Amino acid sequence: MAKFKTIDDMEFNGKVVFVRADLNVPAKDGKVTDATRIERFVPTVMDLAKKGAKVVITSHFGRPKGQKNPEFSLKFLVADLEKALGKPVKFVNDCIGDEVKSAVSSMKNGEVIMLENLRFYAEEEKNDAEFAKKLAENVDIYVNDAFSCAHRAHASTEGIAKLKPNCAGRLMQAELQALDKALGAPVKPVAAIVGGAKVSTKLDLLGNLVEKVDVLVIGGGMANTFLFAKGVAVGKSLCEKEMADTAKAIMEKAKKTGCEIILPVDALISAEFKDGADASEVLVDAVPEDMMILDIGSKSVDAIVAKLASCKTLIWNGPVGAFEITPFNRGTNAIAFEVAGLTKEGKLLSVAGGGDTVSALNKAGVEEDISYISAAGGAFLEWMEGKVLPGVKALEA
Ligand code: AMP
């Protein structure tokens, strides 16, 4: 387990605390359309405020490209934050300089302010050391609660951590603990389900997983490439033929590490990629030339489910079919229900992440029954790839 301090390990009374959050929330016409990130951030602010901290909330929002572009101001979030926290939040029109200094100097213990978009300065994404110093100028302690930004070495995620005593916020702590239970020091046997469109975007991830897990279930479009590599004719299916050798190398590596790879044995096929398209189920060696594999079939679901029943830990990224359109959501849904059931019964620890996976689990209505769903996209994937995340490393140091 990564070694880092948490809010429980530090004294905050009367201290100015710079909290890096990820409040880059989905929004439309100046309104928050999904408040999940705000809600998940509440415990960190409340715990700090309870401990007497002067809480300074910071985040990036969108891609203002180093310009003070009002379109990307964080000000519109204040009302939602106040509602979620049940506390007033004062907004400061900058993230460095005199305005911040003056706002901070008039804060009382337990009060909360929010600074303007960090990416209004190009130095933020460049991890500029002088800019990190300016961010750190008015503060005593740095708290990083933005696991989803931890794969980027930016001034507010990495540079500042070196300048101040620091710790992980509650969301960062929860993410790291859940991920550690799933891949760091998991209870065995461990299974991984990897789906999604392409092998080429998940090469490092597959390479890392075959070293770490006992069972690797491959589904989605990327399974077609593996089937093709094994000599199966996949018709008009999405298939990266040029990746066949890579798929073979992954299967070879798995043999050496003792990782069992499970590929679909049957498939739901169709002539068109569209909602409500006619579909039929065939064994994978019977896919007609003019048809596409758009989901795993029921025999594959049964085989995966039987395997999961003998596992203690599961990590899941990527839908096993084109889950956005019916009936090709069937395979993903069936596995989601099974994983949720095993988790509820206490037989499986399940951790899932990645944008499409979260949306597939939400659509299946099982999000409450998965042990942990990571709110991070890119950072979750890089962590599954076995990479060291600079934002996490800086906390450990
Ligand atoms: P990713 O972003 O790599 O996790 O890929 C997710 C996407 O993969 C989703 O949009 C799915 O529709 C797509 N997908 C999953 N299975 C298939 C398939 N058999 N054929 C085409 N697309 C698929």
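The values are calculated or read from the model by the stated rules, or taken from the named source; none is laboratory data. The model shown is predicted, which means the values in this text are computed figures rather than measured ones. Neighbour counts are summed over all protein chains in view; Cβ atoms, including those assigned to glycine, are modelled from backbone coordinates with ideal geometry. Surface accessibility is based on the protein's heavy atoms, side chains included, excluding ligands, DNA and RNA. Shrake-Rupley method; radii C 1.70, N 1.55, O 1.52, S 1.80 Å.
Full extension of the chain between Asp140 and Lys50 gives 30.7 nm of extra length, using 0.36 nm per residue less the Cα-Cα distance.
What is the list of residues in the range 148-174 whose amide nitrogen lies under 20 Å from a point 7 angstrom out from the Cα of Asp204, following Cα to Cβ? Hits in the range 148-174 for Asp204 at 20 Å: 148-155, 157-159. The lysines within cross-link reach of Lys31, meaning a Cα-to-Cα straight distance under 17 Å and a gap of 8 or more places when in the same chain, are Lys75, Lys83.
Per residue, the accessible area of the range 7-170 comes to 44 Å², computed with a 1.4 Å probe over protein heavy atoms only.
In this simple spin-label approximation, Lys241 and Asp29 carry label points 7 Å from Cα along the Cα→Cβ vector, and these lie 4.8 nm apart.
Taking the Cα centre of the range 195-341 as the origin and placing charges on Cβ (Lys, Arg +1; Asp, Glu -1), which of Cys311, Pro264, Met243 is farthest toward the positive end of the dipole? Value: Cys311. Local charge for Gly297 was computed over the other residues whose Cβ lies under 13 Å away, with Lys and Arg +1 and Asp and Glu -1, and equals -3. With Cα atoms as the point set, the range 186-384 shows a radius of gyration and Dmax of 15.5, 44 Å. Measuring with a 1.4 angstrom probe and ignoring ligands and nucleic acids, Ile304 comes out at about 10 Å² accessible. Using just the helices of the chain, give the 222 nm mean residue ellipticity in deg cm²/dmol: DSSP H runs with n ≥ 4 each add -39,500 (n - 2.57), and the total is spread over all residues, rounded to 500. Taken over the chain, the calculation gives -10000 deg cm²/dmol. Using only alpha-carbon positions in the chain, the gyration tensor eigenvalues give semi-axes of 43, 21, 19 Å once each is multiplied by 5 and square-rooted (largest first). Annotation: lysines with alpha-carbon distance below 19 angstrom to Lys363 (same-chain offsets under eight excluded): Lys274, Lys344.
Count charges around Gln67 for me, please; just the other residues with Cβ under 13 Å from its Cβ, Lys/Arg as +1, Asp/Glu as -1. Computed value for this residue: -1. Only lysines eight or more places from Lys230 in sequence, or on another chain, were considered; those with a Cα closer than 26 Å are Lys198, Lys202, Lys212, Lys241, Lys248, Lys253, Lys255, Lys256, Lys299, Lys307.
Dipole size of the chain about its Cα centre, with +1 on Lys/Arg Cβ and -1 on Asp/Glu Cβ: approximately 1060 debye, rounded to the nearest 20.
Set the Förster radius R0 to 30 Å, insert the Cβ-Cβ distance between Ala233 and Glu211 as r into 1/(1 + (r/R0)^6), and round the FRET efficiency to 0.05. Walk me through the numbers on the way to the answer.
Details: r = 31 Å, r/R0 = 1.03.
Approximately 0.45, to the nearest 0.05.
Modelled label positions at Lys3 and Asn69, each set 7 Å beyond Cα in the direction of Cβ, lie 4.3 nm from each other.
Apply 1/(1 + (r/R0)^6) to the Cβ-Cβ distance of Gln177 and Lys90, taking R0 = 30 Å, and write down the FRET efficiency to the nearest 0.05. Could you put the intermediate results ahead of the total?
Working: r = 32 Å, r/R0 = 1.07.
Once the sixth-power term is evaluated, E becomes 0.40.
Ala394 sits among other residues whose Cβ lies under 14 Å from its own Cβ, and their net charge, with Lys and Arg +1 and Asp and Glu -1, is +4. Diffusion of the range 7-170 by Stokes-Einstein, at 10 °C in a medium of 1.306 mPa s and with Rh set to the Kirkwood radius over alpha-carbon pairs, works out to 103 µm²/s. Between 0 and 90 degrees, the angle of helix 170-179 with respect to the longest Cα principal axis of the chain falls at about 30 degrees.
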